[in-house]
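Each remark here refers to the structure printed beneath this line.
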């Protein structure tokens, strides 16, 4: 079973699409968002890939960053790019999240790669690993829709804005803000306000 959802096999294409892309799509949006977080926040980048450009944006905003990715090739490149950042090669669904909690968790281009039940599981894991008043930023279309991932060709699923808001509310996460970047990626920023009801 490929825990990387096809990205191990399509590593070169991913690097060309994300790390080598001149516009570094998402960097500015994540940087601007992260710069509003409290100083010395501890962050986790889920499905970090090679770390460019999203982990770099978190670092540049002054966060202490940890990272997780299921692809061995991604993790190897990440360690070359950011040898000072702790990273684990594991599925986000099976991860212990470094056996700690975080002030912020980011999942760029990850949520919609999972099935609906897996998405629900990950959202609950994230809520449990966020500190009080912690924030969770992730990307997924506003519409409830299915499509083929541009890199792997595998099915992607968005539960839609209403679906994510309802799910997260039951987990003690309230929608705080939304963004759209230059690549037309839609961002949801949730804040943890209470313990999970699940």
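Nothing in this text is a laboratory measurement; each read-out follows from the coordinates by a stated rule. Just so we're clear, the structure is a prediction, and the values are computed from it rather than from any experiment. Don't worry about glycine lacking a Cβ; one is built from the backbone with ideal geometry, like all the others, and counts go over all protein chains shown.
Per-structure values
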item	result
Fluctuation leader among 82, 66, 138 - the chain, Gaussian network, Cα springs under 10 angstrom	82
Residue exposure sequence - 159, 142 - by fewest surrounding Cβ within 10 Å	142, 159
Choice from 160, 183, 47 with maximal GNM fluctuation in the chain (Cα, 10 Å cutoff)	183
Simple spin-label estimate for residue 16 and residue 84 in nanometres, 7 Å along Cα-Cβ	3.3
For segment 122-198 versus segment 63-85, the gap between their alpha-carbon centres in whole angstrom	23
Mean residue ellipticity (222 nm) of the chain, computed from DSSP H runs ≥ 4 via -39,500 (n - 2.57), nearest 500	-7500 deg cm²/dmol
Over segment 11-192, equivalent-ellipsoid semi-axes from the Cα gyration tensor in Å	21, 20, 16
